[in-house]
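What follows is one structure encoded as C-alpha cells, with my remarks underneath.
Please treat every number below as a calculation from the coordinates, not as lab data. Since we're looking at a predicted model, the values are computed, not measured. Cβ sites come from the backbone with ideal geometry, for glycine too, and all protein chains shown count toward neighbours.
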C-alpha cells in the first residue's frame, strides 16, 4: 500500500485545483494577458505542486521508510537512499 493512501482524496482534490490553475494559465495566454500576471500565476502553480510533492515526501518517510527500517537495516538504508534521491530531484526542479 502506498504511504499516501489515507490522504489520496486530499491529494486528488489538490491536483484537480492545480489542473484548474493550469487551464487558467492557458486562457491567460490565449487572451494575451500581461506577462508579469502570467508569471505570477506560474509561480503559484509551481508552489502548489511543490507543496503536494513535500506532502508525499513526508508520508513516504513516515510510512514506507519507517516500515523498511523496521524490516531490516539494509532495507531501511536502501529506502533512505531512494528518498534522498527523490528529494534531490524535487530540489532541482
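Tabulated data
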quantity: Residue check for residue 28: without any contact (Cβ under 8 Å) to a residue 24 or more places away in the chain, more than 20 Å from the chain's Cα centre (by Cα) and surrounded by 15 or more Cβ atoms within 10 Å (Cβ to Cβ); calculated: yes
quantity: Filter result for residue 57 (out of contact with any strand residue (DSSP E or B) (no Cβ under 8 Å at 6 or more places or on another chain) and more than 20 Å from residue 14 (Cβ to Cβ)); calculated: no
quantity: Residue 17 vs. criteria within 15 Å of the chain's Cα centre (by Cα) and in contact (Cβ under 8 Å) with a residue 24 or more places away in the chain; calculated: yes
